[in-house]
Amino acid sequence: MERKYWKESVIYELYTRSFKDSDGDGIGDLGGILEKIDYLEYLGVDTVWLPPIYVSPNVDHGYDVKEFRAIQPEYGTMEQFDTLLAELHRRGIKLVLDIVPNHTSIEHEWFQQAKRSKDNPYHDYFIWEPANDDGSPPSDWRTHLGRSAWTWNEQTEEYYLHLYSEKQPDLNWDNPKVRQEIYDIMRFWLEKGIDGFRIDAVNVISKDRSYPDADEDKLQAKGDEYFKNGPHIHDYLQEMNKELKKDFEFFTAGETSAVHDHDVLKYTKPEWEELDMVLSAEATELADQDEDKYKSKEWTVHDFREVLRKWQKDVGDGGGWFGLYLSHHDAPRMVSTFADDGKYRIESAKLLATLLHTLRGTPFIFQGEELGMTNYPGFDSIETIKEQEAHSYYDLKVNEQGASDAAIMERLQKKTRDHSRTPMQWDASAQAGFTTGTPWLPVNPNYKEINVQAGMDNPDSVLQFYRKLIRLRKENAIMVYGGFEIILDDHDQIFGYLRRMDNEEWVILLNMTDKDASYDIPSECVDDWDKKHCVISNYPHVDKENTLRPFEAVVYKYVK
Ligand code: NOJ
């Protein structure tokens with residue numbers, strides 16, 4: 001497999017708004033990142049990804065862009081951005097920005113012009129269709145929350161398409177001018193010297209403009225059955241590369257929801273020259289019901305294994321590449337969803353970290369994950385939640401469909417995206433050291449125990465464990481490039497796998513439950529089992545007779 005620095009990297013998702021506030025307005029900013037930049041070096045990550053920091057009315061916290069070439073004033077200035085980039089580079093850390101090519105804000109000048117008249121030069125920057133004879137929208141496409149994806153525009157007497165909120169109109173990628181505009185924006189940031197892009201919602205930019213009606217049985221909130229991986233998606237991505245890669249060296253991580261193994265290969269096989277890696281939430285979504293992500297689903301170790309088998313074996317063996325994450329700014333805290341945020345918080349946070357750093361793929365750490373940060377306990381009424389998607393969901397279910405407040409709040413309490421967006425916990429001082437003012441979202445009350453300073457002071461902390469894993473990954477190419485095999489295939493509690501390279505083999509055993517789990521020594525390793533030694537584990541390691549304790553994670557290595 002071809003070696004690339006972005007395969008070897010560990011990428012840190014830094015959510016500016018919640019990372020560190022430098023001016024006391026309660027909102028994290030670029031000045032705050034500059035204050036804490038040494039922490040990124042201390043942690044050992046080699047790339048930072050910033051979700052959108054561009055001018056935005058903040059309907060979707062930056063994913064509704066009003067100006068693509070300017071910094072949101074509450075985050076700081078372009079000068080601060082330039083300083084940040086230089087300071088990261090001075091420390092050997094790369095910077096990746098989010099680009100949002102599928103939609104803009106309704107406040108973007110292009111849309112403001114486009115909606116005025118059919119002959120406005122910007123009209124064809126967006127996707128417009130007349131109403132059906134009965135006045136209904138041109139198709140039954142729905143947004144991922146289940147509302148119609150079409151909104152009426154009085155001025156031109158047409159509907160416009162929006163796969164997300166009606167305040168985020170979709171751009172018309174079939175218009176070559178739109179494509180050039182986006183490439184120019186990317187060029188603007190590349191000229192500043194950034195190192196890559198996370199490309200938002202990239203697999204829905206090309207639509208089938210015959211708008212095929214959804215099959216009733218597939219007509220789910222997700223709707224993306226009908227517009228993902230559209231007819232020209234591969235042409236457009238290849239064009240993007242041709243336009244930009246001749247002049248700049250950078251990598252792309254495409255956010256691709258509902259993309260499966262064979263699609264991933266098309267997007268990321270080097271010979272296709274499209275994306276360098278895809279980011280898929282398939283594992284994260286195991287805890288969500290398919291038709292409604294706010295409804296919880298029970299998952300088992302078997303489900304987990306099957307999803308990972310697909311990505312690790314089918315995609316990995318096929319030559320595709322992907323990012324690995326279980327937490328990001330759209331998901332609740334991973335330790336609360338996939339492990340135990342109570343009694344075994346520390347062990348289980350370390351177990352998930354072991355998983356993410358020993359699988360194939362590029363690990364993405366979401367800020368605070370490295371402390372074992374947990375869901376916030378206080379999202380108990382809709383007024384306590386800030387993010388618009390949850391509000392839109394609440395409105396749809398309670399106000400339009402008549403569900404009870406209690407039933408919907410029970411779902412949101414577990415699943416709102418705000419769980420990941422509560423302020424970073426720096427120390428035990430007021431507001432966890434995040435701000436001297438009132439934070440835009442409350443600080444989790446567990447900050448006195450869970451914070452960076454506490455993690456720095458304790459050699460057994462989750463933070464130190466992350467540092468160790470990141471170091472190990474840099475020192476051991478097998479963690480990046482080794483082959484992957486599942487072992488203990490039928491086990492109900494343990495997810496086990498091998499990584500193999502040259503004459504070296506690593507055995508990774510993860511007990512994903514809160515009960516002891518015994519196992520037979522995997523037959524694949526039996527000959528050499530005595531020669532193994534433990535590389536890392538989340539318990540002070542005393543081998544118990546082929547038994548893993550609750551949430552025990554252990555990595556053995558042997559050299560043949
Ligand atoms: C995915 C982003 O991660 C999410 O935060 C956003 O709401 C949607 N794309 C729409 O841009």
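The values are calculated or read from the model by the stated rules, or taken from the named source; none is laboratory data. What you see is a predicted model; the values in this text were computed from it and never measured. Here Cβ is always computed from backbone atoms with ideal geometry, including for glycine, and neighbour counts include all displayed protein chains. These accessible areas exclude ligands, DNA and RNA; they are computed on the full protein's heavy atoms, side chains included. Shrake-Rupley method; radii C 1.70, N 1.55, O 1.52, S 1.80 Å.
The figures follow:
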item: Cβ pairs under 7 Å, 6+ apart, first in segment 104-123 and closer than 20 Å to Asn58 by Cα, second open to solvent by 50 Å² or more (accessible area, probe 1.4 Å); result: Ser105/Lys66; Ser105/Lys167; Ile106/Lys167; Glu107/Lys66; His108/Lys66; Trp110/Tyr122
item: Residue tally, condition assigned to a loop (DSSP other than H, G, I, E, B) and of a type outside the set (Lys, Arg), over segment 1-44; result: 17
item: Boolean, Leu97 is within 16 Å of the ligand (Cβ to nearest atom) and under 30 Å from Tyr394 (Cβ atoms); result: no
item: So Gln401, is it more than 21 Å from Ile27 (Cα to Cα), among the polar types (S, T, N, Q), open to solvent by 40 Å² or more (accessible area, probe 1.4 Å) and at pLDDT below 95; result: yes
item: Single condition Trp189 does not satisfy, out of (1) open to solvent by 50 Å² or more (accessible area, probe 1.4 Å); (2) more than 16 Å from the ligand (Cβ to nearest atom); result: (1)
item: Enumerated helices (runs of 4 or more DSSP H) restricted to segment 427-526, each holding at least 3 residues that are open to solvent by less than 20 Å² (accessible area, probe 1.4 Å) and touching a residue at least 24 places away in the same chain (Cβ under 8 Å); result: 462-475, 477-481
item: Options Gln464, Gln493; residue that is farther than 28 Å from Tyr5 by Cα, in contact with a helix residue (DSSP H, G or I) (Cβ under 8 Å, 6 or more places away or on another chain) and not β-branched (Val, Ile, Thr); result: Gln493
item: Output for segment 414-426, where each listed residue is part of a loop (DSSP other than H, G, I, E, B) and closer than 15 Å to Gly26 by Cα; result: Thr422, Pro423, Met424, Gln425, Trp426
item: Conditions (1) over 15 Å from the mean Cα position of the chain (by Cα); (2) in contact (Cβ under 8 Å) with a residue 24 or more places away in the chain; number of the one not met by Pro332; result: (1)
item: Residue in segment 283-300 that is in contact with a Ser or Thr (Cβ under 8 Å, 6 or more places away or on another chain) and within 16 Å of the ligand (Cβ to nearest atom) present; result: yes
item: Odd one out for Gln431 among (1) on the phi < 0 side of the Ramachandran plot; (2) polar (S, T, N, Q); (3) more than 22 Å from the chain's Cα centre (by Cα); result: (1)
item: Residue in segment 59-68 that is surrounded by 20 or more Cβ atoms within 10 Å (Cβ to Cβ), more than 16 Å from the ligand (Cβ to nearest atom), of a type outside the set (Val, Ile, Thr) and under 28 Å from Val178 (Cα atoms) present; result: no
item: Test: residue in segment 308-331 that is within 16 Å of the ligand (Cβ to nearest atom), out of contact with any strand residue (DSSP E or B) (no Cβ under 8 Å at 6 or more places or on another chain), open to solvent by 20 Å² or more (accessible area, probe 1.4 Å) and not in a helix (DSSP H, G or I); result: yes
item: Residues located in segment 333-350, provided they are closer than 24 Å to Met277 by Cβ and of a type outside the set (Phe, Trp, Tyr); result: Arg333, Met334, Thr337
item: All positions within segment 166-182 that are within 16 Å of the ligand (Cβ to nearest atom), open to solvent by 40 Å² or more (accessible area, probe 1.4 Å) and under 16 Å from Phe68 (Cβ atoms); result: none
item: Out of Tyr236, Tyr294, Tyr267, sole residue that is in contact (Cβ under 8 Å) with a residue 60 or more places away in the chain and in a strand (DSSP E or B); result: Tyr294
item: Enumeration of residues in segment 537-553 that are assigned to a strand (DSSP E or B), open to solvent by less than 10 Å² (accessible area, probe 1.4 Å) and in contact with a Phe, Trp or Tyr (Cβ under 8 Å, 6 or more places away or on another chain); result: Leu548
item: Residue within segment 64-86 that is on the phi > 0 side of the Ramachandran plot, in a loop (DSSP other than H, G, I, E, B) and modelled with pLDDT of 95 or more present; result: yes
item: Search result, residues across segment 332-359 that are open to solvent by less than 10 Å² (accessible area, probe 1.4 Å) and under 20 Å from Pro540 (Cα atoms); result: Ser348, Ala349, Leu351, Leu352, Ala353, Thr354, Leu355, His357, Thr358
item: Yes/no for Asp98 being at pLDDT 95 or above, touching a strand residue (DSSP E or B) at 6+ places or on another chain (Cβ under 9 Å) and closer than 17 Å to Glu191 by Cα; result: yes
item: Boolean, Ala390 is aliphatic (A, V, I, L, M) and either surrounded by fewer than 21 Cβ atoms within 10 Å (Cβ to Cβ) or closer than 19 Å to Ile494 by Cβ (or both); result: no
item: When residues of segment 70-94 are limited to those that are in contact (Cβ under 8 Å) with a residue 60 or more places away in the chain and open to solvent by 50 Å² or more (accessible area, probe 1.4 Å), the one nearest to the ligand (Cβ to nearest atom); result: Lys94
item: Segment 140-165, subset in a strand (DSSP E or B) and open to solvent by 60 Å² or more (accessible area, probe 1.4 Å), residue nearest to His123 (Cα to Cα); result: Trp152
item: When residues of segment 16-30 are limited to those that are in contact (Cβ under 8 Å) with a residue 12 or more places away in the chain and open to solvent by 10 Å² or more (accessible area, probe 1.4 Å), the one nearest to Phe322 (Cα to Cα); result: Arg17
